[in-house]
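To start, the structure itself, in structure tokens.
The values are calculated or read from the model by the stated rules, or taken from the named source; none is laboratory data. Keep in mind that this is a model prediction, so the values were computed, not measured. When we count neighbours, we look across all protein chains shown, and the Cβ atoms used for this are built from the backbone with ideal geometry, even at glycine. Side chains included, ligands, DNA and RNA excluded: accessible areas come from the protein's heavy atoms. Shrake-Rupley method; radii C 1.70, N 1.55, O 1.52, S 1.80 Å.
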Amino acid sequence: MTTIVLSKNSKNLLEEKMGFSKSVVLSAAAALTLTSGAALAGSHGSYPSKPVKIVVGFSAGGGTDTTSRGFASYLHEAETMAGQPAYIVNVPGASGQKGAKQVLGEKADGHTLYMINIGTFIVGELAKGKDKPYSVKDDWVNLGCMSQLVTSMQVHTSNPAKNMAEFVASAKASGKTVTWGTSGATTMHSGIGTTFFDTYGIPHKMVPFKGGSKARAAIVSQSVEAVFGGNNTIAGFEDTIRPLATAGAERDPTMPDLPTFGEQGMEGADFTGLFCLFAPKGVSDEVKEKVGAAIKHVAGIKGFKSFMKKNNLGAFYIDSATAVKAQGVMYKTMTPVMQKLVGNQ
């Protein structure tokens, strides 16, 4: 697989029967439960020598946070991590950029990593233009990926629209400005949402929130008329949230009955964003190799697959080299979208 598009070639990466049975309490006490082998490795200064911090640039409950917590729960089981646990630190703000900048400000020794989907990561960079706080391809090392974020258009179940065409017809007939929410002003979701409303000539106002869970709360409370967010945020809220369309070249395997934007007549949303683990540029080859191997291991664990499945997320492994190629595709896909988005602001 060389792109982030959910194609037939990538279907075999997603496995269907999954079960979740484990959780890990990540605390200071966990660091004291190392095996003798892990302690010996730490004493010689090899990686990892202490628990690994994974920074999430969004609030708890969204796709990035959910994926990160599931992944962190199993990281210690990978042989290359020598029993060291991982823990999550949420630093929401600026569509993930606040958390990313914090990671770049810490020592590049592999003990502080950053989790995000490459779509939002790159969109955030493109939205800043010459004022961008960093370059994903120049300042970061993609260590590998274990899932993907798939955007959907969502409405409250009280909304009469049962599909995208009905929503468009209703919005146009009302002549009103549609207020819609998303997990951040410069995310993959916001790019797809803006493309949708502009394509159909519907007056609209975007309301960015600090994370997918907060955007979900807005649609549940009917504070906004629609949300463009991750399919994962619908899990457990099926009685109040109705998805009308999903991004991707093909339907999301976790929601096979939901038609794509393309199937319903709108081009420009045939991509998804891989969830990847990043380290600041300058980390050692040892970190790259050990974390990369750990990602592959965790992605294959039955419990991790089950956890992700329950949250409407897939579980699969994409190696670093393939992930970097996917980033190139995302740059090519999202650059014109963001140029239009920024130009309209």
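Considering only the stretch 175-202, state which residues are open to solvent by less than 60 Å² (accessible area, probe 1.4 Å), over 24 Å from G62 (Cα atoms) and not in a loop (DSSP other than H, G, I, E, B). The answer is D198, and nothing else.
For Q84, the test of being open to solvent by less than 20 Å² (accessible area, probe 1.4 Å), part of a loop (DSSP other than H, G, I, E, B) and at negative phi is passed.
Would a scan of the stretch 125-144 turn up a residue that is within 15 Å of G184 (Cβ to Cβ) and in contact with a strand residue (DSSP E or B) (Cβ under 8 Å, 6 or more places away or on another chain)? Working first, answer last.
First, the residues of the stretch 125-144 that are within 15 Å of G184 (Cβ to Cβ): 125-128, 133.
When the remaining residues are screened for being in contact with a strand residue (DSSP E or B) (Cβ under 8 Å, 6 or more places away or on another chain), the result is none.
Within the stretch 125-144 (the criterion being within 15 Å of G184 (Cβ to Cβ) and in contact with a strand residue (DSSP E or B) (Cβ under 8 Å, 6 or more places away or on another chain)), the answer is no, since none of the residues qualifies.
Anything in the stretch 135-188 that is of a type outside the set (A, V, I, L, M, F, W, C) and closer than 20 Å to P208 by Cβ? List them, or say none. T151, S152, Q154, H156, T177, T179, G181, T182, S183, G184, T186, T187, listed by residue number.
Here the condition is being within 23 Å of G211 (Cβ to Cβ), polar (S, T, N, Q) and open to solvent by less than 10 Å² (accessible area, probe 1.4 Å); of T272, T260, T240, it holds for T272 alone.
Among residues of the stretch 317-330 that are more than 10 Å from C145 (Cα to Cα) and open to solvent by 60 Å² or more (accessible area, probe 1.4 Å), those with a beta-carbon under 6 Å from a residue that is in a loop (DSSP other than H, G, I, E, B) and polar (S, T, N, Q) at least six positions away or on a different chain give the pairs K325/T2.
Screening T233 with (1) of a type in the set (S, T, N, Q); (2) in contact with a Leu (Cβ under 9 Å, 6 or more places away or on another chain); (3) open to solvent by less than 20 Å² (accessible area, probe 1.4 Å) gives one miss only, at (2).
Taking the criterion of being over 16 Å from the mean Cα position of the chain (by Cα) and among the hydroxyl-bearing types (S, T, Y), the residues of the stretch 195-215 that qualify are T195, T199, Y200.
In the stretch 92-141, which residues are closer than 27 Å to G193 by Cα and assigned to a strand (DSSP E or B)?
At the first step, the residues of the stretch 92-141 found to be closer than 27 Å to G193 by Cα are 92-101, 114-137.
Hits for the stretch 92-141 are Y114, M115, I116, N117.
Which residue, of K205, K210, is in a loop (DSSP other than H, G, I, E, B), at negative phi and either touching a residue at least 24 places away in the same chain (Cβ under 8 Å) or of a type outside the set (A, V, I, L, M, F, W, C) (or both)? Can you show your working first?
Numbers: K205 fails: in a loop (DSSP other than H, G, I, E, B).
That would be K210, the only listed residue that is in a loop (DSSP other than H, G, I, E, B), at negative phi and either touching a residue at least 24 places away in the same chain (Cβ under 8 Å) or of a type outside the set (A, V, I, L, M, F, W, C) (or both).
The residues in the stretch 270-307 that are among the hydrophobic types (A, V, I, L, M, F, W, C) and modelled with pLDDT under 95 can be counted, and the count is 1.
Answer yes or no: is there a residue in the stretch 122-145 that is among the hydroxyl-bearing types (S, T, Y), without any contact (Cβ under 8 Å) to a residue 60 or more places away in the chain and closer than 19 Å to T322 by Cα. Break it down stepwise before answering.
Keep residues of the stretch 122-145 that are among the hydroxyl-bearing types (S, T, Y), which gives 134-135.
Still in the list and also without any contact (Cβ under 8 Å) to a residue 60 or more places away in the chain: 134-135.
Right, trim to closer than 19 Å to T322 by Cα and you get 135.
Yes: the stretch 122-145 contains one or more residues that are among the hydroxyl-bearing types (S, T, Y), without any contact (Cβ under 8 Å) to a residue 60 or more places away in the chain and closer than 19 Å to T322 by Cα.
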